[in-house]
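Here is the structure we will look at, set down as structure tokens.
Each value in this text was obtained by applying a stated rule to the coordinates, not by laboratory testing. On a predicted model such as this, the values are computed, not experimentally measured, just so you know. Cβ sites come from the backbone with ideal geometry, for glycine too, and all protein chains shown count toward neighbours.
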Amino acid sequence: MARRGGFPGGGMPQNMNNLMKQAQKMQKQMEEAQANLESQEFTTTAGGGAVEVTITGKKEITKVKIDEEVVDPDDIEMLEDLIMAAVNEAIRTVEENTTQQMSKITGGLGGLF
């Protein structure tokens, strides 16, 4: 009875085997890069440095520093806007850094992973 499908000899072709090894290597590199990024901290500011936010690569805020000069009880909305701007900038910084690090590993194949 004839065998259907598969590869001659029953094994994978050498180039397919190499491709699998490369994929596994890339996956390990991506995991290491992700762990490295998650351990880093990024600091951003808003309002000319009046509000400073520090965030980890896991997007967890670890520090918020507010300059006394921007604490105006009559203008809480401005302070809220400055905090929101600093947090959003911190998140963008982490995402950009993550994208840059991953694209170094994937060589531009980012959409596949």
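At a glance:
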| read-out | value |
| --- | --- |
| Summed side-chain charge close to M26 - residues other than M26 whose Cβ falls under 13 Å, Lys, Arg +1, Asp, Glu -1 | +2 |
| Nitroxide proxy distance, nm - points 7 Å out along Cα→Cβ at K58 and D74 | 4.3 nm |
| Inter-site label distance for Q27 and D67 at 7 Å from Cα along Cβ, in nm | 4.9 nm |
| Lysine pairs meeting the criterion (Cα under 27 Å, 8 or more apart or interchain), as found in the range 9-113 | 9 |
| Evaluated at q = 0.14 Å⁻¹: base-10 log I(q)/I(0), Debye formula over Cα of the range 38-107 | -0.46 |
